[in-house]
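In what follows, a structure is listed as C-alpha cells, so that the remarks can point back to it.
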Amino acid sequence: MAIPAHYIQELLQRNSVVDVIGGHVHLKRHGRIYKGLCPFHSEKTPSFTVYPETQSYYCFGCGAGGDIISFAKEINGLTYVEAVKMLAQQSGMPLPDEDDKLSKLKSRIYEMNKIAARYFHANLNSEKGKNARIYLRQRQLSDKTIVNFGLGYASDGWQDLCNYLKRKGFSEEEMVSAYLAARSSKGNIYDIFRDRIIFPIIDLRGNVIAFGGRRMGDEGGPKYLNSGDTPVFKKSNGLFALNLAKKSGKETFILAEGYMDVISLHQAGFNNAIATLGTALTGQQAKLIADYAKNVVIAYDSDEAGQKATRRAMDIFSKEDVTVQVLQMEGAKDPDEYIKKFGRDRFEALIENANSALDFELLKLRKQHDIKDTQGRIDYLTKACDVLAAIPSPVLQDVYCSRLAGETGADKASIKLQLEQSKNKLYRSNNYKKGKEMLKEGVAGGIKVDYRQQGNTLPKVFAQQQIISALIRDNDFFPVVDSQLTEDDFTDTDMKKAFIEYKRLKAEGQNVSYALLCHYLDEGARKNLAKINATNAEIIMTSNDLQMHINNLRTAPMGQNEIKQTSVEDLAKRIESLKEKKK
C-alpha cells in the first residue's frame, strides 16, 4: 500500500516518539534522550533508548530499533498499515486510502472465528453435541461456566464447518489461512477440528483469535489439538483466559498447564487463573503476564514433565519483575483434580502457603542429595550456595545460610565462605557473557566487509553509514553530498537504498527525517539505521567530518567480499567512476 510522504510527515508531527513509546515503557530522561526497560526482551538494567531528535528508538540489548510506526507495529502485533491507521486514529487524522490485502485478511479471519465460535457453541447444545454435554457434566462444569468460556463442540463430519462457512461467504483459502481447515493430498478441503470439545481463545480486545480442541475418548489423534500460527494468532504470545484474569483486579495470577485446569479454577472462584496455549512458557508470555500481575503462582502438574516445566518457567520469570511461587499438590496431579478431591478451601490454603521459587529450587536439590553422607552434604551445600549467589538481597542470603546450617549441621561461617566463592564465580561468568555481547555492539558490530588496505583502518561501509547518518540529522548537508556522490558510490545495500530514497524525497521538497525515510525501507535497513543513529547520538558531525567520510568513500578500493557480491555492470560503472575522479 502506497501511503504518500505528506501523510506520513503529518502523522509524525502529530505523534511524539516519547509519548507513543511512553504509553508502553516507563521512560526516564537522561539529558537529550530517554531510557527504559526494553518491551521486546527481558532485562533488569535499562538498555532501551529513545532519541527525540531523530524520532527513533534503539535497544542496545536485543537490537530492536525503528520509529513510532515500527514500534506501534511490533508492540501491538500489527501490520505496517494497521500501525499507521492506529496512530492516525489516536491523533485524529483521517485514515489513508487502502488496498492492503493482509489487513483485509485479518479482518476476515476475526469475523470468521467469531462465526465459527458461535457455530461450535450451537453444536454443543444440539443433538450432535449430546455426548459432549455428557462429558462436560462428568467434568463437573456448570452451564454458567460453559457459557462464560463459550465452550463448543466440533462435530465428527469432515466438512461440516467448511460447508457452513462457505454458506456465510468465506472462501476455502480464508478458512485455511485461519487454521480452521486444511487441504488433503488430493487438494480437497476438510475441517481441522472434528469430534472435539472446543475452547475459543480470546485476546485482550475481545476478538476470537484461535481455538483449542480436546478429544473426549482415548482415540482420535492427540489429546489436545490447537490452532497453528495465523495472521491474527501466535501461540508463543498468547495466553488462555488472560482476557478474564485481567478483570479480576488481583495482583497475583495462577499459571496452570491446560484449559480444563483454568476453567475449573475459575468455576471455583479463582478468576485469576491463566494457561499457555499448548506450548511451554515463552519469554513473550512471561512479559505479558508481568504487565498485569506482580505475583505468579505456578500450578503445573505434579508429574516429572510438569516439574521440568515449572523449573523452566521459573528461569523465564526470573528475568521479569514478578514474584514467583510454586504449588506442591500432594495427592493430586493437577489443580482440577485437587479441587475435586479436596475442595476449593484446601486449594486456597495451598496457594497461601505456596513455596517461593527459591524454596522450590532448594527443596529439589535437597531431594537429590543424601545429607547424612559427607560427600552428599558437601555437594548439596555447594549447589545450594550457587543458587543463593543469584539472589540480590544480602539479608535473604543470610537467612538462608542460617537455614542451611540448621538443616545440615554445617558451620554457618563456612557456608557463607562457600557463598562468596559462588558469587565470585557468577560474577566472572556474567562479565564474560557481557564482554562477548559488547563485542557485537557499536557501529562496527554490523560491518562484515574487508577493511581498507594501505594502513587505513576505516571500512568503506562505515563511511557510507556516517554519511547517511549525517544526512538524516541535518538536511543542510545534502547539497554537499549530492554534488560529490551518486548512488553507484554506495556499495552497502541498505545504505544505497537509503540514499536513493533520501534523494527522491528531497526532490519532492520533503524535509527528510529518519522516521520518514523508514517508511520507504525494509525492516532490516530500518533497524540498521536505528543502530547507526544510536551510536552517533552523542557525536557532533561537522562539515569537515562529512567531507572526510566522502573522501574515504570515493577513494576506497573495493574489498574482495564486495567484488564477489557486485554485478559485472556495477563493477564497470565503478571503474569508470574512479577514472573520472582521478582525472
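The values are calculated or read from the model by the stated rules, or taken from the named source; none is laboratory data. Every value quoted in this text rests on a predicted model; they were computed, and no experiment measured them. Please note: Cβ atoms are built from the backbone with ideal geometry, for glycine as well, and neighbour counts cover all protein chains shown. Ligands, DNA and RNA are excluded from the accessible area calculation, which covers all protein heavy atoms including side chains. Shrake-Rupley method; radii C 1.70, N 1.55, O 1.52, S 1.80 Å.
Brief remarks on what is shown
- Computed FRET value (nearest 0.05) for ARG403 with ASP229, which takes r as the C-beta separation and R₀ as 41 Å: 0.35
- Volume in Å³ per residue [convex hull over Cα atoms, computed for region 106-148]: 73 Å³
- Relative contact order of the chain, pairs being alpha-carbon contacts under 8 Å that are 6 or more residues apart, as %: 11 percent
- Distance in nm between pseudo-label sites at TRP158 and ILE351 (7 Å out along the Cβ direction from Cα): 4.7 nm
- Per residue solvent-accessible surface (Å²) - region 254-383, probe of 1.4 Å: 45 Å²
- Region 224-324 shape via C-alpha gyration tensor axes, a/c threshold 1.5: rounded
- Value of [θ]222 nm, deg cm²/dmol, for the chain, DSSP H segments ≥ 4, -39500 (n - 2.57) each, nearest 500: -15500 deg cm²/dmol
- Mean Cα-pair separation over length for region 213-301, i.e. relative contact order, pairs under 8 Å, 6 or more apart, %: 33 percent
- Helix axis angle, 460-473 relative to the chain longest principal axis, alpha carbon, degrees: 90 degrees
- Theoretical FRET efficiency, 1/(1+(r/R0)^6), r = Cβ-Cβ of ARG311 and THR542, R0 51 Å, to 0.05: 0.35
- Close amide H contacts of GLY66 (hydrogens built in the peptide plane, cut-off under 5 Å, sequence separation of 5 or more or a different chain): TYR57.
- Three-way shape call for region 173-223 based on the alpha-carbon gyration tensor, with the a/c threshold at 1.5: oblate
- Whole-angstrom gap from region 153-222 to region 16-51, using each part's C-alpha centre: 41 Å
- Whole-number percent relative contact order across region 64-210, with pairs defined as alpha carbons under 8 Å at least 6 apart: 22 percent
- Taking amide H positions as modeled 1.01 Å from N, with prolines and chain starts lacking one, the residues under 5 Å from ARG196 and 5 or more places away or on another chain are ALA154.
- Sulfur and carbon atoms: percent of accessible area, region 117-189 [1.4 Å]: 47 percent
- Label positions at ARG29 and SER236, each projected 7 Å from the Cα along the C-beta direction, are separated by 3.8 nm.
- Table column - 3J(HN,Hα) (Hz), region 126-134, Karplus curve with 6.51, -1.76, 1.60, x for Gly and Pro: 9, 5, 4, x, 4, 5, 5, 5, 4
- Computed Kirkwood radius, in angstrom, where 1/r is averaged over Cα pairs of region 100-190: 14.4 Å
- Region 135-210 - accessible surface per residue (Å², probe 1.4 Å): 49 Å²
- The phi torsions of region 520-528, fed into the Karplus equation with coefficients 6.51, -1.76 and 1.60 and a -60° offset, translate into couplings of 10, 10, 7, 4, x, 5, 4, 5, 4 Hz, rounded to whole numbers, with Gly and Pro shown as x.
- All-pairs Cα distance distribution in the chain, expressed in whole percent, bin size 20 Å: 16, 39, 33, 11, 0
- Long-range HN-HN contacts of ASN355 with modeled amide H, under 5 Å: VAL326, GLN328
- Using a cut-off of 19 Å between Cα atoms, the listed pairs LYS114/LYS234; LYS383/LYS423; LYS44/LYS246; LYS460/LYS496; LYS308/LYS333; LYS73/LYS101 include LYS44/LYS246 as exceeding that distance.
- Surface per residue (accessible, 1.4 Å probe) for region 1-113, Å²: 47 Å²
- Helix 374-389 vs. the chain, principal-axis angle (Cα, 0 to 90°, nearest 10): 50 degrees
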